[in-house]
Structures are given as C-alpha cells and as structure tokens.
1. Roughly how many nanometres apart are two label points built 7 Å out from the Cα toward the Cβ at Glu119 and Glu229?
2. How far apart, in nanometres, would the label points at Asp78 and Val159 be if each is projected 7 angstrom from Cα along the Cα-to-Cβ direction?
3. What net charge is computed for the residues neighbouring Ala88, neighbours being all others with C-beta under 14 Å from the C-beta of Ala88, Lys and Arg scored +1, Asp and Glu -1?
4. For the peptides 105-115, 91-101, 141-151, what is the packing order when you average, over each peptide's residues, the other Cβ atoms within 10 Å and list the highest mean first?
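Every number here is computed from the coordinates shown, using simple stated rules; none is lab data. Since the model is a prediction, treat every value here as computed from it, not as a measurement. Here Cβ is always computed from backbone atoms with ideal geometry, including for glycine, and neighbour counts include all displayed protein chains.
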Amino acid sequence: MPLLSRSSFLLPAVLLAAFAAAGCGHTNKLAQYPIAGKRAVYRTTISGSASSWVTVQSPVKGTVGAVAATIGSVIMGDQAQRKLDRAADPDTIGQAIARGMKQSSADYLSLRAVESLDEDPELIVETDVKSYRIVSNSYGLAVSVEGNSRIIDRSTGIVVWENDETHVVPLSQTWIASAGGRIGSSAAGIFNAAKLFALSEEELREVLTQAGRVAGEEIGETLREDVAELHEH
C-alpha cells in the first residue's frame, strides 16, 4: 500500500486547521539585485525553534467509554511523539527540502554551486527545517513538513529572495469517518491513531523525507515563478 500521494484524498478543513499555526512568508528582490550566474554556497540548517509534535485527538464526553478513550488518546499521543522523535532525521529532511531549491536556482538563475566560503561565492543559499508534525483525528492522518529557503547577498547581507513552504501529506482516509453518525468521532480518532502506530519507524522516516522533498519542490516552483515574472517586465 503506498504511503503517500500528493492527491491521496482531499483533506477536510478541520484536519488542515491542525497545521494552521505554521508560518509562511515570501521576499522577492530579484529585480533590485541581479544574481543570475553568480557563485553560491548552499547550507542546510535546523532551526533553533524547530518543532516536532504529534496530535492524537479523540474528543468525546459524557460516558465511561468516552473517558477511557480520552485517557487512551493521551497515552497514545505520548507514545506517538516518542516514535516520531526516533524516526525523524532532521538533517535528511533538510537535504530533501534543499534539493528543490538547489535545482531550481541552477535551472532558472544559473547559480554556480561552490563547496565553501574559501571559493569566495557572492551568495549564500540557506535552507532551514522549521518543523515536522503529525496529526491524527477523526478526519484522517497526515504529516506536515515546513521549510524555509533564502538567498543572501554576501557583500550586503541582504536577503534577496526567501520563501516558506509547508507541505501536508495525507497518509490515509478512514472508513470510520465516512460512516457518519453510526460511529463516533472518538472511535474514528483512535482508528487513525492505530494507523499511525502501524507504520514502522522506517516508513515514517520515508514519509517525512518525501514530504520535505515536495516542500522543496514547491519552494523551487515559487522561485521559477518569480524569475518568470522578472522577465515579463
């Protein structure tokens, strides 16, 4: 069974809202600072504020079963967090995000990669992993990776270009959620949490890496659009 697809299913608004806290931003000064053809050193970092968290939601009230389900969700949430911490490799996620930016900057700006500052590059291209997250609730199971890439002019320290992208990957579509009122949201949330635990750490690591790769491609696509807009004027 494939673990992810960019169009596996349409995520409901409630599931997407779990990732709404992720920031986004865009800077484009390519018109003021022509950088095509310049040398660039590429760096990948992990943000000092980088976060990884798991949300396992099972909101119900009023019955003994509901209380048991809520207690279970807390326990599962703690276990899921430890599993994510073991599975995640921020460096690998960062490299996956950075690939999209490196490819696009070479394709559309003809930037020439160098290995270090000893080669006196005019630019520094940084990619930062800001967060990686998992949410499991009655609407489904999804993973999110947020990355930021920016191009810095070394002589001035000015950020010439920057973009933030968060990519949300749906991992499964629950049959329980589609059953409507016949099965409560608590059961659906626990069902999806069980799907999370069914993933091996290796599978979870691969999902995070692939989400990072797609986020990097989206950052690169934004750069392409900005370069295209530059040539329209």
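1. 3.1
2. Distance between label points: 3.8 nm.
3. Once all neighbours under 14 Å are counted, the net charge is -2.
4. So the order, starting with the most tightly packed, is 141-151, 91-101, 105-115.
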